[in-house]
1. With each label point set 7 Å from Cα along the Cα-Cβ vector, what nm distance links residue 142 and residue 82?
2. Above 17 angstrom, tally the Cα pairs of the stretch 194-242 and express them as a % of all pairs, no decimals.
3. Pairs 123/206; 206/242; 154/206; 154/225; 123/155: which exceed 21 Å Cα-Cα?
4. Computed FRET efficiency, Cβ-Cβ of residue 117 and residue 224, R0 30 Å: what is it to the nearest 0.05?
5. Suppose the Debye formula is applied to equal point scatterers at every Cα of the stretch 1-59; what is log10 I(q)/I(0) at q = 0.12 Å⁻¹?
6. Taking only the alpha-carbon positions of the stretch 98-160 and ignoring solvent, what does the Debye formula give for the base-10 log of I(q)/I(0) at q = 0.19, 0.20 Å⁻¹?
7. Tell me the Kirkwood radius of the stretch 1-154: reciprocal of the mean inverse pair distance over distinct alpha-carbon atoms, in Å.
8. Residue 224's amide H: which non-local residues (gap 5+, or another chain) put their own amide H closer than 5 Å, with H modeled 1.01 Å from N in plane and none for Pro or chain starts?
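All of the numbers you see were taken from the coordinates with simple rules; none came from a lab. It should be emphasised that the depicted structure is a prediction, and the values quoted were computed from it without experimental measurement. In this analysis, Cβ positions are derived from the backbone assuming ideal geometry, glycine residues included, and neighbour counts consider all displayed protein chains.
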Amino acid sequence: MSKLRLLDLALLVLAGLLGWQVRREWIDSHARAQALLQGGLPPSKVPGLAPLDKVDPPTAAAYAEVATKNLFSADRNPNVIVDPPKPEPEKPPPPFPVAHGVMMWEGVPPTIVLSEKAGGPQKGYQAGQSIGQWKLLSVDNSYVDLEWDGKEFKKRIDELIVRTPIADDSEPAASKSKGARPKPAAPPPSSGSRSGPGVDVGGGLKGCVPGDASPDGTVVDGMKKVVTATPFGNGCRWEPAK
């Protein structure tokens, strides 16, 4: 029993020592905190700000560039923008010549029969020749190339052919009702009037008149009729008789 009491006494003394040590640490920390709050730091000296540069008073001339570059008022720009000159209107080409046919013969350059206007005199033309304001560049059985004012025009031959509608010679109904006698029909032209050399096609050759029924080898006015077979039918021409 005495040993237990000594042990309890020793534990009690140890607990008291621990409590005293804890209180002492608390008192010291509290004292340090109070000293820090009450003492403070000495104020540091802060240098003053440097003075700003002197600004010149604004002038109206300094804002001239602002006014000239205003995107919403282009009229303030003193540099006048001159509009480019308008291109001259393109001159329309003259009327195309009228085609009457093409002759494709062996040994002879392709020849096209043209006239400057409908009802005008007909003549055969080959590449390099001119008719009116047009120059013939090339010709084949379907197309013809024409040049005017340095420009080239390619036309189908059937576009250049003027197809005149057949006139209706019938009498009006009013004249028939009045008992007017109809005009007698003109007699068809004789076969002799439709034979012989036709349009000069160049190179000393002449074309055949439509409806010419004279046989191959016929000689008229020193010209001999020559009929040749082509892929497009019989070709007809008149050449000097030898």
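1. Distance between the two pseudo-spin positions: 5.2 nm.
2. Details: 284 of 1176 pairs.
The proportion of pairs with Cα distances above 17 Å equals 24 percent.
3. Values: 123/206 9 Å; 206/242 15 Å; 154/206 26 Å; 154/225 33 Å; 123/155 19 Å.
Distance filter (> 21 Å) returns 154/206; 154/225.
4. Values: r = 32 Å, r/R0 = 1.08.
Calculated transfer efficiency: 0.40.
5. Ignoring solvent entirely, the Cα scatterers give -0.65.
6. The calculated log intensity ratios at q = 0.19, 0.20 Å⁻¹ are -0.64, -0.72.
7. On the way: mean 1/r = 0.0345 Å⁻¹.
Computed over Cα pairs of the stretch 1-154, the Kirkwood hydrodynamic radius comes out at 28.9 Å.
8. Close amide H contacts, sequence-distant or interchain: 239, 241.
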